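Okay, structure first, notes after.
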Amino acid sequence: MSWAIEVQNLNVWYGDKHIIKNVSFRVPKNVIFAIMGPSGCGKSTLLRAMNRLLDLNPHARVEGQVKINGINVYGDNVDVTWVRRQFGMVFQIPNPFPHLSIYENVALGPKLNGLVKDKSQLDELVKQALQKAYLWDEVKNDLRKPASMLSGGQQQRLCIARALALKPRIILMDEPTANLDPVASSKIEELLLELKEDYTIIIVTHNPQQAARVSDYVAFLYMGELIEIGETSTVFTRPSNILTEKYVLGRMG
Amino acid sequence: MRLNKRKIIDRLMLGIISALAIASAIPIFAIAVNVYSEGARYISLNFLIDLPPPPVGGGGGGIGPALVGTLVLVALALAIGGSIGFFTGLYLSEFSHTRLAQYTQMFLQVMVEFPTIIVGLFAYMILVAPLKRFNALAGAIALSIVIIPYIALNVREAYKSIPYTLKEAAFSLGVSAPIAYLRILLSAARRGVLTALLIGLAKAAGETAPLLLTILGTTFTYFGGLDQPINAIPLLIYNFALSPYEKWHQVAWGAAAVLLTIILVIFIVSRLIIKEVKV
Amino acid sequence: MNSEKIFPIFLIVFASISLLIVTSIVISLIINSYPIFLRDGFSFIFKSVWNPVKEDYGILPALLGTLISSAIAISIAMPLAISLAIFSAEIAPTSIRGFINSVSDLMASLPSVIYGLWGLYVLAPILNQYIMTPLHQYLGFIPLFSTKPIPTNLFTAGVLLAIMITPFSSSIIREAYNAIPHHLKEAAYSLGMTRWEVIRTLLGYIKSAILAGAFLALGRAMGETVAVAMVVGNTFTLPRSLFDMGYTISSLIANQFPNAEAYSYMMPALYSGALVLFTIGLIINLAGLYWIRRVVTRG
């Protein structure tokens with residue numbers, strides 16, 4: 001079986017604080033893989049360790065391996081920009097580039113990375129990405145308008161389109177619905193279920209019910225340690241660790 | 001204290017404060033009025049192009065060489081000081097945790113308050129003395145040094161105010177650091193950066209002290225080369241105003257009117273840019 | 001991949017250039033003034049003589065001139081700056097506050113040569129006619145006013161400097177005042193204080209900002225060259241009253257520099273004047289920055 005991503009003995013420190021403690025797991029292809037846990041347990045850090053966005057933090061130190069197709073992203077000769085292009089990332093607070101239009105937000109990644117040859121190819125790419133993100137019909141007449149004009153839910157779908165435009169293998173999502181209203185949230189959850197046919201999705205959530213709703217596999221992270229991991233149905237009905245059970249039943253922070 | 005007495009003191013103090021405040025704002029209006037009423041009458045196309053008049057007798061004359069000089073010096077200063085200032089500011093913002101950044105920022109904050117005559121002395125030592133004559137390059141370098149701290153500290157602010165999540169979004173697209181900082185994030189910070197450059201422009205156009213010891217202020221050649229003396233509008237105003245010739249005083253007022261207009265335009269443009277951000 | 005490694009190095013080069021420039025300037029001041037320190041020790045700071053032929057130099061009058069003109073400037077500027085800040089932040093109708101602040105900022109960015117020109121031909125005669133001459137006539141027995149005034153003197157320089165540094169000082173105080181937490185203002189009013197009493201209390205709260213504004217403005221006044229050189233009289237005498245013509249260190253450098261190449265020790269003398277000026281200015285500006293830190297960390 002080939003894995004989308006393999007994490008092996010991953011350790012992360014912020015200065016002296018040991019944030020991620022010897023975490024190892026494997027994510028199959030074309031699934032939705034949820035990482036859940038109470039606030040501050042290191043979920044966001046874990047995500048950023050995968051696409052090496054953690055490199056931006058001068059106080060962070062990483063040990064261990066993260067492998068895509070057998071290649072360790074922290075290897076010596078690996079180009080970090082190549083690593084980041086393998087992933088698409090969606091953040092907790094929708095963050096489209098406010099000074100760019102809707103079209104430009106989606107087009108920026110492919111343009112700068114030289115993925116297309118001419119304008120018509122770019123137009124087609126932008127349209128496909130926006131369609132996949134279920135945003136095309138709402139914005140197709142307003143592509144030149146600034147991204148800041150969209151509602152929160154629309155902005156988040158725009159960010160998803162921006163991530164999809166790079167044709168990544170894996171989509172990383174850091175609590176994508178945490179700042180959206182319930183209607184917008186459920187639209188995004190529906191979208192995820194469609195997207196997993198073409199992509200592998202790793203979603204961090206602080207809401208166990210969301211994990212139960214959308215994911216195929218789930219990992220429970222507590223204080224930087226991987227407590228339990230398995231198929232969602234199993235983990236939620238017959239958790240093998242008392243901490244997992246507490247969290248799932250809502251009896252934990 | 002009885003309430004009436006307190007009320008009287010209240011009225012009195014508010015009145016005094018208001019009066020002092022208005023008094024402190026009067027000079028700018030007085031200056032603008034005086035400069036334009038004394039100087040605007042001399043401004044014409046000829047005034048902007050011609051050589052200066054002889055001290056006594058003779059025709060109108062103008063500030064041509066000084067205007068050309070200012071354009072040359074300002075362009076050079078912005079090119080040199082602007083680029084050093086910009087990249088220094090970018091470094092200060094994105095690598096603020098390093099020792100180099102901390103020391104550099106401290107030193108730059110001190111340098112903002114340097115008496116600019118000292119910068120002139122330095123430029124004299126490194127560029128005028130070795131060449132054994134006053135030259136335009138020395139003036140341009142002196143001006144560059146003066147504007148570097150302003151540009152660096154303002155560019156730093158501009159980049160620092162970009163939300164961290166935007167930085168993450170830019171890098172998550174898998175572009176290289178130069179492209180992330182100079183194409184994506186520069187666009188996000190462009191108003192602050194533009195303001196920084198406009199401040200540098202205004203300073204370079206208006207500063208006199210760095211030029212006193214470096215460019216000589218020759219009045220009769222338009223541009224002889226970077227290794228030759230040159231004039232500039234502020235220096236012309238200084239020299240002519242202090243001269244004993246009435247004719248040259250008039251030219252000084254006219255040049256002051258030109259300079260004031262340039263500064264006003266730059267000021268208004270930078271206000272308009274900032275206003276866009278607030279809206 | 002190379003650009004990832006090269007880019008930070010590229011930036012480091014530029015930052016280092018900036019750092020290098022500042023250090024070089026300081027070192028050059030020290031090196032170039034060394035000859036006169038070697039020959040005369042520190043005594044030349046306290047001598048009053050400027051005799052190029054005998055190569056005898058002492059910058060005391062210029063030092064005093066700098067101190068006197070700056071003292072005049074700061075004593076006039078501080079009440080004005082505080083008033084302007086309060087007026088803008090508290091008293092003026094909100095609709096014109098933006099306008100007032102813009103005017104103040106414009107004043108702060110005006111080239112000093114324009115201040116100098118205006119000071120020389122407009123301010124100086126006015127000061128002479130309406131303030132200096134009457135003061136000398138009626139209060140001339142006081143040593144401060146004992147010299148018969150000529151329009152271009154230390155007093156005019158001080159007043160012009162005050163006009164120049166007020167906007168800058170004012171903006172620091174104004175920002176600190178605007179940043180005072182609203183609940184503190186409300187608490188003061190709820191105690192039944194009059195407006196002036198509230199203002200006075202809040203001014204005490206932002207003491208650090210006022211001190212910062214004062215020190216930084218003082219630093220500017222001391223370093224100002226061109227405007228001062230145009231109105232201070234440029235005469236090498238020990239000042240005995242406010243109305244004496246005089247020199248400041250920076251205007252001395254500006255004025256004597258053309259002569260300096262012809263003599264062996266004049267250049268070092270001027271450089272050492274610059275070093276003295278730089279040192280005083282550095283101390284004052286560091287004090288100002290210290291108070292700014294206090295403002296920031298307090299809030």
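Just so you know, all these numbers are worked out from the coordinates, no wet-lab data involved. Everything numeric in this text was worked out from a predicted model, so none of it was measured. Ideal geometry is used to build each Cβ from the backbone, glycine not excepted, and the neighbour counts take in all protein chains shown.
Taking each residue in B:202-213, count the Cβ atoms of any other chain within 10 Å of its Cβ, then average. What number comes out? Walk me through the intermediate numbers first.
Working: counts 3, 2, 0, 1, 7, 5, 11, 12, 1, 2, 8, 6.
Average neighbour count from other chains, rounded to a whole number: 5.
What distance in nm separates the two pseudo spin-label positions at C:Ser48 and A:Asp198, each 7 Å out from Cα along the beta-carbon direction?
Result: 8.8 nm between the two label points.
Can you tell me the dipole magnitude for chain C around its Cα centre, using point charges on the Cβ only (Lys, Arg +1; Asp, Glu -1), in Debye to the nearest 20?
Computed charge dipole of chain C: roughly 520 debye.
Roughly how far apart, in whole Å, are the Cα centres of the stretch A:142-188 and the stretch B:1-56?
54 Å
Which trypsin sites (Lys or Arg not before Pro) from the stretch A:54-120 combine a DSSP loop assignment with at most 10 other Cβ atoms within 10 Å?
A:Lys117
Taking every residue in C:75-88, how many Cβ atoms of other protein chains lie within 10 Å of its Cβ, on average?
4
Shape of chain C from its Cα gyration tensor (a ≥ b ≥ c, root eigenvalues): rounded if a/c is under 1.5, otherwise prolate when a/b > b/c, or oblate?
oblate
As I understand it, the dipole of chain C uses +1 on the Cβ of Lys and Arg and -1 on the Cβ of Asp and Glu, about the Cα centre. Which of C:Ser264, C:Val26, C:Phe236 lies farthest toward its positive end?
After comparing all options, I get C:Val26.
May I ask which residue of B:Leu194, B:Ile230, B:Leu216 lies farthest towards the positive end of the charge dipole of the stretch B:70-278, with charges of +1 (Lys, Arg) and -1 (Asp, Glu) on Cβ and the Cα centre as origin?
Among B:Leu194, B:Ile230, B:Leu216, the one farthest towards the positive end of the dipole of the stretch B:70-278 is B:Leu194.
Give me A:Trp136, C:Trp196, B:Trp253 sorted ascending by neighbouring Cβ count inside 10 Å, so fewest comes first.
A:Trp136, C:Trp196, B:Trp253
Beta carbons within 10 angstrom, averaged per residue: use that to sort the peptides B:202-211, B:32-41, highest first. Please list the in-between numbers first.
Details: B:202-211: 27.4, B:32-41: 17.0.
Output ranking for B:202-211, B:32-41: B:202-211, B:32-41.
Relative to the Cα centre, what is the charge dipole magnitude of the protein assembly as shown, using +1 at the beta carbon of each Lys and Arg, -1 at the beta carbon of each Asp and Glu, and rounding to the nearest 20 debye?
Dipole size: approximately 1140 debye.
Residues of the stretch B:154-175 with backbone nitrogen within less than 13 Å of a virtual label 7 Å along the Cα-to-Cβ line of B:Ser96, please, listed as ranges.
It comes to B:154-164, nothing else.
Ranked by Cβ crowding within 10 angstrom, fewest neighbours first, how are B:Leu143, A:Leu150 ordered? Intermediate results must be reported in sequence, preceding the final value.
Working: B:Leu143 31, A:Leu150 21.
The most exposed by this proxy come first: A:Leu150, B:Leu143.
Which one of A:Tyr199, A:Asn141, A:Leu164 has its Cα pushed farthest toward the positive end of the charge dipole of the stretch A:132-227, where Lys and Arg give +1 and Asp and Glu give -1 at the Cβ?
A:Asn141
Express the relative contact order of chain A as a whole percentage, based on alpha carbon pairs under 8 Å and six or more residues apart in sequence. It would help to have the intermediate numbers written out before the result.
Numbers: 474 pairs, mean separation 71.8, N = 253.
Once normalised by length, the contact order is 28 percent.
Search the structure for amide H atoms under 5 Å from the amide H of A:Met89, placed 1.01 Å from N in the peptide plane, and list their residues when 5 or more places away or on another chain.
Distant-sequence amide H within range of A:Met89: A:Leu172.
Amide H of A:Glu225 versus every other amide H placed in the peptide plane: which residues, excluding those fewer than 5 positions away on the same chain, fall under 5 Å?
Here the answer is A:Lys21, since their amide H atoms fall under 5 Å of that of A:Glu225.
On a C-alpha basis, how far is the centre of the stretch A:58-95 from the centre of the stretch B:75-143 in Å? Whole number, if you could?
The stretch A:58-95 and the stretch B:75-143 have Cα centres separated by 39 Å.
Roughly how many debye, to the nearest 20, is the charge dipole of chain B about its Cα centre, given +1 on each Lys and Arg Cβ, -1 on each Asp and Glu Cβ, and no other charges? Walk me through the numbers on the way to the answer.
On the way: 20 positive and 11 negative charges, 221 e Å.
Computed about the Cα centre, the dipole is about 1060 debye.
For the stretch B:70-278, calculate the relative contact order in percent as a whole number, restricting contacts to Cα pairs under 8 Å that are 6 or more residues apart. Provide the component values of the computation, followed by the final result.
Numbers: 274 pairs, mean separation 54.9, N = 209.
That works out to 26 percent.
Going by how many other beta carbons lie within 10 Å of each one, how would you line up A:Arg52, A:Arg169, A:Arg157, fewest first?
If I rank by nearby Cβ atoms, fewest first, I get A:Arg169, A:Arg52, A:Arg157.
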